[in-house]
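Asks: Supplied in structure tokens, the structure appears directly below.
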Amino acid sequence: MGSPKCTTPPEVPTDLDPKPATEPEVPTGSGPTRSSAEPHRAFIEAELAKRRNSMAIYQDLVEHHGYDGSYDAVKRYARRVRPSDPKVSCRFETAPGWEAQVDYGEGAPTRDARTGKYRKPRLFVMTLSASRHSFRKVVARSSQQTWCELHEEAFAYFGGAPKTIRLDNLREGGSR
């Protein structure tokens, strides 16, 4: 047996080296493409300000302005020029123990096991405003007495009562 032969790796041809990153591989045109809806920018912006949708704007462009481009071009262009409306929300912040919110409403029709008839159960939810911790209960029948008992159960569940209660959908709690 002979000794192993050592060989040097073959040289890599330099003409296979990749092109520099600054040189584009595909020739590009003279800048970004212009939308077929661009000539109608003022009209599109005015209609978007009226909160009209892209389809209605496209139909008006075709019917009244002689537009012969596609709906997708108008939709893309409207998306690009539409002013962004910040989402407005109002959040009530309260100190712990200060406030709870109560919602009392109807649920989906459910079969009563005793009678076999369908009834809409009442849904009670009391949510502490500071922590968003909730007490929830479903009851079959609704009355002022039931409404008061549900509040008492919620207070027992939370271990106390908040200073104020914000009511929603109040029907049973009021006098008749």
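Asks: Counting only residues that are farther than 21 Å from Ile165 by Cα and among the basic types (Lys, Arg), which one in region 75-106 is modelled with the lowest pLDDT?
Replies: Lys87
Asks: What pairs come up if the first residue lies in region 63-79 and is under 17 Å from Ala49 (Cβ atoms), the second is in a helix (DSSP H, G or I) and of a type in the set (Asp, Glu), and their beta carbons are under 8 Å apart, counting only those six or more places apart or on different chains?
Replies: Cβ pairs passing all conditions: Tyr77/Glu38.
Asks: Give the residue that is surrounded by the fewest Cβ atoms within 10 Å (Cβ to Cβ), with candidates limited to residues of region 128-154 that are free of Cβ contacts under 8 Å to residues at least 12 places away in the same chain and within 33 Å of the chain's Cα centre (by Cα).
Replies: Looking at the filtered set, the residue picked out is Arg132.
Asks: Tell me which residues, restricted to region 66-117, are within 27 Å of Ala130 (Cβ to Cβ) and β-branched (Val, Ile, Thr).
Replies: Of everything in region 66-117, those that are within 27 Å of Ala130 (Cβ to Cβ) and β-branched (Val, Ile, Thr) turn out to be Val88, Thr94, Val102.
Asks: Let me ask something additional. Applying the selection to region 143-176, what residues are among the polar types (S, T, N, Q) and at pLDDT 90 or above?
Replies: Gln145, Thr146, Thr164
The values are calculated or read from the model by the stated rules, or taken from the named source; none is laboratory data. None of these values were measured; they are calculated from a predicted model. Quick reminder, even Gly has a Cβ in these numbers, built from the backbone with ideal geometry, and neighbours come from all protein chains shown.
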